[in-house]
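Here is the structure we will look at, set down as structure tokens.
None of the figures in this text is laboratory data; all of them are computed from the coordinates on show. Given the structure is predicted, the values throughout are model-derived calculations rather than measurements. Every residue, glycine as well, gets a Cβ built from its backbone with ideal geometry; the counts of neighbours run over all protein chains shown.
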Amino acid sequence: MDPLYKIRLAEAADAEEIRAIRNDMIEHSTAMWTTRPVSPGDGRAWLAENLARRSAYVAEAAGQVVGYASWAPWRPKDGYRHTVEDSVYLASGHQGRGLGAELLGTLIAGAAESGAHVMMACIEASNARSVTLHERLGFELVGTAREVGVKFGRWLDLTMMRLALQDGTARGTKAGEQRGAVEPGSGQPRTVP
């Protein structure tokens with residue numbers, strides 16, 4: 001990574017620069033599956049949610065935000081409460097310098113520290129650079145769902161990847177007891193927090 005980059009937790013003052021990166025992705029890429037730009041109010045609200053859970057990081061160069069990464073709950077139902085999904089986006093001109101890997105590595109550490117058990121990555125399937133980045137950081141391929149999204153008048157495929165953040169013991173689980181594992185001989189699942 002270029003030594004001129006600094007990665008840190010996001011702050012409320014970063015809202016507009018993050019929003020600019022998000023809107024550029026929305027307008028010019030299939031990385032975000034929406035065509036609706038993020039308004040200033042929506043950008044501040046999104047960042048406030050992330051600040052509350054300490055789940056957003058930014059990369060700075062010369063005092064300007066040139067990338068961000070965040071994790072959020074993967075699905076809203078409580079059964080998924082230990083699973084998060086990552087997002088990593090860089091401003092144009094800052095790709096290919098190791099910055100995405102640094103942001104994602106920081107994000108993985110932060111999510112693990114929060115107690116998350118698994119991190120999911122949901123990537124537009126033709127984004128080989130993102131798939132490769134996630135593979136390099138230990139994510140495994142779960143599968144690809146064909147034609148589940150649409151943008152720019154074409155169907156999009158979604159590649160899903162998974163990274164275990166915990167070593168098999170869960171917060172609140174007795175040492176040596178695996179989350180979701182079946183109690184030997186009982187056929188009954190163990191209790192999970």
For this session: Treat each spin label as a single point 7 Å out from the Cα along the C-beta direction, and report the Ala48 to Ala128 distance in nm.
Result: 4.3
Seminar exercise, completed: Exposure-ranked with fewest Cβ neighbours within 10 Å first, Asp24, Asp78, Asp14 stand as Asp78, Asp24, Asp14
Problem set entry | Using θ = phi - 60° and Karplus 6.51 cos²θ - 1.76 cosθ + 1.60, couplings along the stretch 123-135 (whole Hz; Gly, Pro as x) | 10, 4, 4, 7, 7, 4, 4, 6, 4, 5, 4, 5, 4
Exercise. Can you sort Lys6, Lys77 by how many other beta carbons sit within 10 Å, fewest first?
Worked result: Lys77, Lys6
Seminar exercise, completed: Applied in sequence order to the stretch 69-76, the curve 6.51 cos²θ - 1.76 cosθ + 1.60 (Karplus, θ = phi - 60°) yields integer Hz couplings, x standing for Gly and Pro, of 9, 8, 10, 8, x, 6, 9, x
Exercise. Could you give the length gained on full extension between Trp33 and Glu60, defined as 0.36 nm per residue of separation minus the Cα-Cα distance, in nm?
Worked result: 7.2 nm
Exercise. Could you give me the ³J(HN,Hα) list for the stretch 4-18, computed from phi with Karplus coefficients 6.51, -1.76, 1.60 and θ = phi - 60°, whole Hz, x at Gly and Pro?
Worked result: 7, 8, 10, 10, 8, 4, 5, 10, 4, 5, 7, 3, 5, 5, 5
